[in-house]
Amino acid sequence: MNRLAEHPVLGTYERGRRVTFTFDGEPMEGFEGEPIAAALRAAGVLTHRYTAKNKEPRGVFCAIGRCTDCVMVVNGKPNVRTCVEPLCEGMAIRTQHGLGNGAVAEKEERP
Amino acid sequence: MKRRDLIIIGAGPAGLSAAIEAAQYGLDVVVYDENALPGGQLFKQIHKFFGSKEHRARERGFRIGQQLLEEAGRAGVEVVLGAQVIGLYDGLIVQVVRGDRIERVRANAVVIATGASENMVPFPGWTLPGVIGAGAAQTMANLHGVRPGNDLLMVGCGNVGVVVAYQMLQAGCRVQAMIDASRAIGGYGVHAAKVARTGVPFFLGHTILQAEGDGKVESATIAQVDERWQPVPGTEKTFAVDTICLAVGLTPATQLSRMAGCTMVNLPGLGGLVPATAQNGATSVPGLYVAGDAGGIEEASSAMIRGRLAGLAAARRQGFADSQAAESRGQELHESLDRLRGGPFGERIRAAEELMHKALEKEAACQTA
Ligand SMILES: Cc1cc2nc3c(=O)[nH]c(=O)nc-3n(C[C@H](O)[C@H](O)[C@H](O)COP(=O)(O)OP(=O)(O)OC[C@H]3O[C@@H](n4cnc5c(N)ncnc54)[C@H](O)[C@@H]3O)c2cc1C
Ligand code: FES
């Protein structure tokens, strides 16, 4: 578990209410308003996307919205910077493949 | 098109300070920040600042951030969040994205206070998930309360490296090693000593050779470097780590100043390409000012003074500030900045500033010739 319960300088963290979301269809829990990337990291997810040509995994690099390494498909919308996008109840978050034509990727994955 | 007295881009220490100073003289000030939270990098800085009381030493960054926000509110500054500035035309027309809308607002003066981004160094495996900026580690742990990993390697022993390493220990991570290609620790000795006291080994004169792992970082290999910074064969060491933090410097965010057509100069001492500025942050474009890291990498304390100087200059330019009072206020701020840069860490900045003023003089001479 990567969540800090208490911090020696900051004390306890103020977090939003507990919400559920899905990652590639699998239900997960996080806190409302925290960046999607924080919720995923706490749940042990490191790979956010695979590159278009070489299909290499990528995850968070800058965590402040500058590098776009962390983009994913959120509620069907591709290229969302998950390190700055706040988590909401019921979000459907998917690993992004390539340039992120989310709709196509989801269709392909369906049985 | 809406018109404002002063538009400030970036609500970090530099931008907020500029806003507070200008609003005191009665300017109508708006600050745009792309983040959902204002304060810039201050809110992840949980260590105590150095220097004298005047420069808020012994205060922690996040508290200073809270104070600045309250002060800005009292001064009547409007802070607009979730507002990303994507364009600057004729120096003073600001194009800003809010949600799905794009707005254009004209200003009588603009302060660019957009901060900096972290540098990276490429090595085999550097794109693996688990290789992150030191600032990213700081953001995850201090702001969001999530540990970026369990076992860390810190690459870079400058201020950011040693400060963030200590903060990661505070967050309950294990720092397996600190490395730096240089043979000296660049960061504040006090912070480095705090890290060393916990038993974390420092490998100076070492570089990272590669990150290894299947789909994510599982280990990292380092090696000693010779005088020409080449790895020495046979000195390799491998550490089992899940996270590699890069603290290898910052680069000023210059997209907007370049777009506005500011005269730029390359000054390694300030982090690379920066807009040429007078001491009050005035660029070569009339009415356009730069403050904080966006004008050269320094630290939060000086970003606040540079912000105040730019805010004061913007007020004077528009005739808001009584000239005699403004003169002595400007003097006071300059002296404070000089005192801050007085120490050994300020030497790099002072030397770079001198080069900048030489470059400006040369340009002025060419124009009149
Ligand atoms: C990892 C790290 C550790 C640091 N540690 C220390 C330290 O220990 N001590 C110290 O004194 N200093 C430290 N610094 C440096 C210090 O944080 C900076 O010098 C200081 O925060 C600079 O202030 P600023 O206002 O210029 O920029 P920032 O604090 O970076 O603020 C810039 C703001 O501009 C906003 N912005 C950027 N682009 C746009 C845009 N296009 N539109 C709208 N908004 C935009 C950003 O969201 C941000 O809020 C550190 C910096 C980093 C990155
Ligand atoms: S990690 Fe860089 S944009 Fe999200």
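Number of residues in the stretch B:208-234 that are of a type in the set (Val, Ile, Thr), closer than 23 Å to B:Val131 by Cβ and free of Cβ contacts under 8 Å to residues at least 60 places away in the same chain equals 2. For the structure I just gave you, tell me whether B:Arg174 is away from chain A (no Cβ under 11 Å), at pLDDT below 95 and either away from ligand 1 (no atom under 12 Å from the Cβ) or open to solvent by 20 Å² or more (accessible area, probe 1.4 Å) (or both). The answer is no for B:Arg174.
When residues in the stretch B:268-281 are screened for being more than 30 Å from A:Arg41 (Cβ to Cβ) and open to solvent by 10 Å² or more (accessible area, probe 1.4 Å), 8 of them pass.
Residue-by-condition table, conditions (1) facing another protein chain (nearest Cβ under 10 Å); (2) surrounded by fewer than 20 Cβ atoms within 10 Å (Cβ to Cβ); (3) not polar (S, T, N, Q); (4) not in a strand (DSSP E or B):
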| residue | (1), (2), (3), (4) |
| --- | --- |
| A:Met28 | no, yes, yes, no |
| A:Arg41 | yes, no, yes, yes |
| A:Gly44 | no, yes, yes, yes |
| A:Ile64 | yes, no, yes, yes |
| A:Asp69 | yes, no, yes, yes |
| A:Val73 | no, no, yes, no |
| A:Pro78 | no, no, yes, no |
| A:Cys83 | yes, no, yes, yes |
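The residue that is farthest from the other protein chains (Cβ to nearest Cβ), among those in the stretch B:274-326 that are within 10 Å of ligand 1 (Cβ to nearest atom) and among the β-branched types (Val, Ile, Thr), is B:Val290. For the stretch A:1-26, taking the residues that are of a type in the set (A, V, I, L, M) and open to solvent by 70 Å² or more (accessible area, probe 1.4 Å), the one that is farthest from the chain's Cα centre (by Cα) is identified as A:Ala5. With a requirement of 1 or more residues that are modelled with pLDDT under 95, the strands (runs of 3 or more DSSP E) lying completely within the stretch B:181-260 that satisfy it span B:250-252. Under the condition of being facing chain B (nearest Cβ under 8 Å) and touching a Phe, Trp or Tyr at 6+ places or on another chain (Cβ under 6 Å), the residues counted in the stretch A:4-26 number 1. What are the residues in the stretch B:211-220 that are at negative phi and surrounded by fewer than 18 Cβ atoms within 10 Å (Cβ to Cβ), if any? Answer for the stretch B:211-220, where residues must be at negative phi and surrounded by fewer than 18 Cβ atoms within 10 Å (Cβ to Cβ): B:Glu212, B:Asp214, B:Lys216, B:Glu218.
Is at least one residue of the stretch B:126-147 touching a residue at least 12 places away in the same chain (Cβ under 8 Å), more than 8 Å from chain A (Cβ to nearest Cβ), assigned to a strand (DSSP E or B) and within 16 Å of ligand 1 (Cβ to nearest atom)? Scanning the stretch B:126-147 turns up no residue that is touching a residue at least 12 places away in the same chain (Cβ under 8 Å), more than 8 Å from chain A (Cβ to nearest Cβ), assigned to a strand (DSSP E or B) and within 16 Å of ligand 1 (Cβ to nearest atom). Looking only at residues of the stretch B:313-369 that are open to solvent by less than 60 Å² (accessible area, probe 1.4 Å) and of a type in the set (S, T, N, Q), we find that the one that is farthest from B:Ala300 (Cα to Cα) is B:Gln318. Across the stretch B:68-111, the number of residues qualifying as more than 20 Å from B:Tyr25 (Cβ to Cβ) and open to solvent by less than 50 Å² (accessible area, probe 1.4 Å) comes to 14. Quick one: is B:Thr139 out of contact with any Lys or Arg (no Cβ under 9 Å at 6 or more places or on another chain), surrounded by 17 or more Cβ atoms within 10 Å (Cβ to Cβ), closer than 21 Å to B:Ala14 by Cβ and of a type in the set (Val, Ile, Thr)? Criteria not met by B:Thr139.
The values are calculated or read from the model by the stated rules, or taken from the named source; none is laboratory data. Bear in mind that the values here come from a model prediction, so they are computed numbers and not experimental data. Reconstructed Cβ throughout: ideal geometry from the backbone, glycine too, with neighbour counts over all protein chains shown. These area figures cover heavy atoms from the full protein model, side chains too; ligands, DNA and RNA do not enter into them. Shrake-Rupley method; radii C 1.70, N 1.55, O 1.52, S 1.80 Å.
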